[in-house]
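Encoded as structure tokens, the structure appears first; notes follow it.
Taken together, the values in this text are just the output of simple stated rules run on the coordinates, not laboratory data. Being a predicted model, the structure only gives us computed values, none of them experimental. Using ideal geometry, Cβ is built from the backbone for each residue, glycine included, and neighbour counts are taken over all protein chains shown.
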Amino acid sequence: MDDTKFIIGMRDAFFNSLFEIARKDRNVIIITADNGAPSLDQFYEKLPGQYINVGIAEQQMIGMACGMAFEGKKVYTYAIAPFVTARVFEQNKLDVCAMNLPIVNLGVGAGYAYDIMGPSHHTVEDIAIMRTLPNLKIHSPADSITAAALAGITHRDRAPQYVRFDRSGIPNLYEGRKESFEDGLIEIRAGGDVCLISTGVMVHQALKVSDALKAVGIRAGVVDLHRIKPVNEEKLLGILERGRCAVTLEEHRLAGGLGSIVAELFADRGVSKSLLRIGQGDVFVFELGGRAEIWKKYGLDAESVTNRIRTWMDSPKRASV
Amino acid sequence: MSSDLTARRIRAKLVELSHQARTAHLGSSLSCVDILVALYSGILNIDPARPADPGRDRFILSKGHAATALYAVLAARGFFPEELLETYAKPGSPLAEHPAPACVPGVEAATGSLGHGLSLGLGFALAAKIRRERYRVFVLLSDGECNEGTVWEAAMLAPKHGLERLVAIIDFNKWQATGRSCDILALEPLKEKWEAFGWSASEVDGHDLPALSRLLKNVPDGSGKPIALIAHTVKGKGISFMEDDNNWHYRIPDAAEVSAAKAELGVA
């Protein structure tokens with residue numbers, strides 16, 4: 001065997017787990033809007049009665065999923081992330097969430113995962129829009145272990161849900177760790193000076209930043225907020241109590257994203273801790289270049305984030321820098 | 001005949017409700033009354049005493065703005081007390097201008113945004129096919145609603161799965177909010193469009209109860225295809241001064257107009 005460990009993508013880890021569930025629960029249906037995946041082929045080949053391709057028709061997919069859910073089916077819909085969120089927002093609002101149906105929308109390509117594909121495929125507003133929907137839960141795994149666990153979590157939960165996956169090639173964080181992922185967040189690293197709250201691929205970035213800050217004597221904790229809605233407020237506030245200040249780091253627009261969620265929590269719960277929100281500004285990204293280039297240009301790479309946090313922590317008023 | 005009397009009574013109720021609650025879409029509601037009366041007078045396999053019976057036929061009012069017509073027919077059919085209609089659009093009432101989820105027995109799905117109902121119905125019908133159940137699914141759309149792309153997304157998928165127990169009824173009243181539906185988009189030929197999409201399509205006078213019943217009884221029709229029924233109707237049907245006058249898309253009748261309408265309908 002090759003020593004190099006192949007890291008399965010989040011989506012594929014999820015589908016593999018879901019396949020085992022679907023073999024036992026024949027009410028599980030997966031609908032794809034003409035998006036394929038090797039891990040999806042097993043449904044097509046071995047559970048053909050539970051796999052439907054509706055073609056490139058996402059709005060119809062969501063409506064139809066609701067009709068099937070009314071009839072007792074547990075329906076998963078699958079497409080590239082913007083096409084199960086922004087494109088079908090109204091179907092999610094009126095059909096899925098207003099009628100509170102057990103639909104799980106699976107979107108692949110969170111953030112700038114589809115880096116060179118441009119704004120049509122960039123998914124940096126999904127958290128902001130989807131979290132306005134009552135009844136909906138939002139999952140944002142940071143690795144394939146979390147994603148695999150989410151197959152069971154989403155299957156057991158009757159709530160409408162949205163899962164945002166990154167693409168393949170993201171290292172695992174929780175290999176060999178016994179995590180249930182039921183709490184919605186995990187404190188990966190404790191640290192008393194500053195708490196870095198992140199989600200999805202940016203959790204990995206936060207760990208690098210934490211390492212860099214440690215080198216200059218700053219103890220930075222890292223929280224993986226893998227369930228964006230509802231946030232486990234008590235657990236998060238408990239962790240934050242132990243740090244002097246907080247930073248949110250997200251590959252998402254600042255308007256309405258993770259930083260907004262934490263800022264709202266601070267306002268609502270009377271938390272007076274300083275908070276720095278790091279994420280994407282009010283821009284579309286048209287420049288060609290990989291994800292690393294996008295991060296560097298917009299200050300989301302580990303070095304830029306580290307420098308910004310240091311400057312902020314050194315500034316007298318800790319206003320945003 | 002008695003079902004015609006029912007249609008007259010329901011039309012009178014719609015005029016009263018629009019006046020009392022000051023809600024619009026009276027013309028759109030009046031145009032589909034006969035279709036609903038036909039469905040609920042012996043076509044749909046339903047039992048008001050068991051509104052959630054798994055074997056029941058499903059009906060979805062995709063043109064949710066005609067909610068009063070559905071409410072009035074459901075009440076007349078015994079799904080809930082007719083007195084509840086008097087609460088329509090009032091604070092605390094379950095009866096909103098568009099049907100809310102599970103608002104009253106007999107309402108299968110919330111609607112109001114056009115272009116959603118056929119996809120929902122397709123999901124109902126596909127689930128039935130997977131489970132080998134025999135219930136049928138009827139979806140009532142407006143002609144203007146056929147502007148929505150989702151209608152045609154569903155129209156392409158249903159024949160692929162041979163959903164012969166799915167019926168799309170188009171209330172073709174020739175108007176939408178701002179003008180003639182055939183002027184606003186290239187809507188016609190509607191029957192040929194549905195046929196081209198793989199449906200078994202027919203045209204019918206949407207106010208001819210025996211003709212409607214004859215076609216609606218024949219589901220599935222043996223073709224193996226989903227069924228589209230283009231029902232030619234008149235917006236504001238049944239009240240001379242409202243018929244084919246698109247002002248009644250939004251206009252609300254005053255007390256004198258209510259009396260005049262009821263007199264024409266022969267309802268006290």
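Kirkwood analysis of the Cα pair distances in chain A returns a hydrodynamic radius of 20.0 Å. On the principal axes of its alpha-carbon atoms, the protein assembly as shown has extents of 90, 56, 45 Å, going from largest to smallest.
Counts of other chain beta carbons within 10 angstrom of each beta carbon in peptide B:112-121 average 6. For the residues A:VAL84, A:VAL28, A:VAL54, a GNM of chain A with alpha-carbon springs under 10 Å puts the largest fluctuation on A:VAL54. Can you give the % of DSSP beta bridges in chain A that are antiparallel, to the nearest 5? If I count the DSSP bridges inside chain A, around 15 percent turn out antiparallel.
When both bridge partners sit in the stretch B:137-268, DSSP labels roughly 10% of those beta bridges antiparallel. Comparing B:TYR71, B:VAL37, B:VAL219 along the charge dipole axis of the stretch B:3-265, the residue lying farthest to the positive side is B:VAL219, per the Cβ-charge model. Put the Cα centre of the stretch B:59-138 next to the Cα centre of the stretch A:145-221 and the gap is 43 Å. Under the rule of at least 5 residues apart or a separate chain, name every residue whose amide H is placed under 5 Å from the amide H of A:ILE30. Under 5 Å from the amide H of A:ILE30 lie the amide H atoms of A:TYR51, A:ILE52, A:TYR76, each far enough along the sequence or on another chain.
The slack between B:ALA255 and B:ALA186, meaning 0.36 nm per residue of separation minus the straight C-alpha distance, is 21.0 nm. Counting 0.36 nm for each residue step from A:ALA263 to A:ILE116 and taking away their Cα separation leaves a gain of 49.8 nm.
Excluding same-chain neighbours fewer than eight residues apart, the lysines reachable from A:LYS317 by a Cα-Cα span under 19 Å are A:LYS273. Dipole orientation for the protein assembly as shown: of the candidates B:LEU120, A:TRP312, A:ILE218, A:ILE218 has the Cα lying most toward the positive pole (charges on Cβ; Lys, Arg +1; Asp, Glu -1). Computed across the stretch A:10-165, the Kirkwood hydrodynamic radius from all distinct Cα-Cα pairs reaches 15.1 Å. Between the stretch B:191-225 and the stretch A:233-247, the alpha-carbon centres lie 63 Å apart.
Assign one of three labels to the stretch A:186-314, namely rounded, prolate or oblate, based on the Cα gyration tensor with a ≥ b ≥ c the square roots of its eigenvalues; rounded applies when a/c is under 1.5, prolate when it is not and a/b is larger than b/c, and oblate otherwise. Oblate shape, in that a/c is at least 1.5 and b/c is the bigger or equal ratio. The lysines whose alpha-carbon is closer than 20 Å to the alpha-carbon of A:LYS208, local same-chain residues fewer than 8 away aside, are A:LYS296, A:LYS297. Cross-link reach is defined here as a Cα-Cα straight distance under 22 Å, omitting same-chain residues fewer than 8 places apart; for B:LYS90 the lysines meeting it are B:LYS13, B:LYS63. Residues B:PHE138, B:PHE241, A:PHE19, arranged from fewest to most other Cβ atoms within 10 angstrom of their Cβ, appear as B:PHE241, A:PHE19, B:PHE138. The mean number of Cβ atoms from other chains found within 10 Å of a Cβ in peptide B:146-156 is 4, as a whole number. Rg and Dmax of the stretch A:89-221, based on Cα coordinates, read 16.4, 52 Å. Taking 7 Å steps out from each Cα toward its Cβ at B:ALA263 and B:LYS160 produces label points 5.7 nm apart. Highest average first, the peptides B:147-158, A:105-116, B:93-104 ordered by how many other beta carbon atoms sit within 10 Å of their residues are A:105-116, B:147-158, B:93-104. Here the residues A:ARG310, B:ARG132, ranked from fewest to most Cβ neighbours within 10 Å of their Cβ, fall in the order B:ARG132, A:ARG310. Ordering of B:34-40, A:152-158, B:182-188 by packing is B:34-40, A:152-158, B:182-188, highest average first (other Cβ atoms within 10 Å, averaged per residue). Among B:LYS262, A:LYS296, A:LYS46, sorting on how many other beta-carbon atoms sit within 10 Å of each Cβ, with the fewest leading, yields A:LYS46, A:LYS296, B:LYS262. For chain B, a simple Cβ point-charge model (Lys and Arg +1, Asp and Glu -1, everything else neutral) yields a dipole of about 780 debye relative to the Cα centre. The magnitude of the dipole of the stretch A:10-165, with charges of +1 and -1 set on the Cβ of Lys/Arg and Asp/Glu and taken from the Cα centre, is near 480 debye.
Using a cut-off of 22 Å between Cα atoms, the listed pairs A:LYS74/B:LYS217; A:LYS24/A:LYS137; A:LYS73/A:LYS137 include A:LYS74/B:LYS217; A:LYS24/A:LYS137 as exceeding that distance. Just checking the listed ones, A:GLU187, A:GLU71, A:GLU233: in the Gaussian network model of chain A with Cα springs under 10 Å, the one fluctuating most is A:GLU71.
Counting only the Cα atoms, chain B fills a convex hull of 112 Å³ per residue. Each of B:VAL258, A:ALA22, A:PRO38 was scored by the projection of its Cα onto the charge dipole of the protein assembly as shown, and the greatest displacement toward the positive side belongs to A:ALA22; charges sit on the C-beta of Lys, Arg, Asp and Glu. The smallest convex shape that holds all Cα atoms of the stretch A:247-317, its convex hull, gives 84 Å³ per residue. Taking the inverse of the mean 1/r over every pair of distinct Cα atoms in the stretch A:195-245 gives a Kirkwood hydrodynamic radius of 11.5 Å. Listed peptides B:65-76, B:46-57 appear in the order B:65-76, B:46-57 once ranked by packing, highest mean of other Cβ atoms within 10 Å at the front. Charges were assigned to the Cβ only: +1 to each Lys and Arg, -1 to each Asp and Glu. The resulting dipole of the protein assembly as shown about its Cα centre is roughly 1180 debye. Among B:GLY179, B:GLY162, B:GLY121, the residue with the largest mean-square fluctuation in a Gaussian network model of chain B, with springs joining Cα atoms closer than 10 Å, is B:GLY179. Inter-chain Cβ neighbour count for A:105-115, averaged per residue, equals 0 (cutoff 10 Å, partner chain atoms only).
DSSP beta bridges fully contained in chain B are about 10 percent antiparallel.
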